């Protein structure tokens, strides 16, 4: 049987609750003792109750936090790439399958959302081009 990890991170909306995994008890049951709460958005790590985090615990939490931030950033990009796929499927649907009533139901919302997205993307692209342009 594989060894259980020393710490368990229960994912929450903005981070995680951190537990120490304990199997060294008389009943040989798995016990989870909460030792901290982590906020991914601001990097804050708060000990739970009167628990004082050891250097080892803090290092493990900081390592998890760094990996979690990278994972969430990768998921953001993946979600956007899935959106591109979905837009392509939506285009195909509109061209080949949608009825007039269906198109009437979605056209304005799609046009507004796509116009807003296009405006933001064009502005951001122009900002990057100006930033990268050598000053003369």
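Every read-out reported here was derived from the displayed coordinates using simple, explicitly stated rules and does not represent laboratory data. Keep in mind it's a predicted model, so treat the numbers as computed, not measured. Here Cβ is always computed from backbone atoms with ideal geometry, including for glycine, and neighbour counts include all displayed protein chains.
Brief remarks on what is shown
- In this rough spin-label picture, where each label sits 7 Å from Cα along the Cβ direction, the residue 68-residue 86 distance is 2.5 nm.
- Taking the square roots of 5 times each eigenvalue of the Cα gyration tensor of the range 71-136, largest first, gives ellipsoid semi-axes of 32, 17, 10 Å.
- Helix 100-132 vs. the chain, principal-axis angle (Cα, 0 to 90°, nearest 10): 70 degrees
- The chain: relative contact order as a whole-number percent, Cα under 8 Å and 6+ apart: 11 percent
- Each of 12, 29 has some number of other Cβ atoms within 10 Å of its Cβ, and from fewest to most they run 29, 12.
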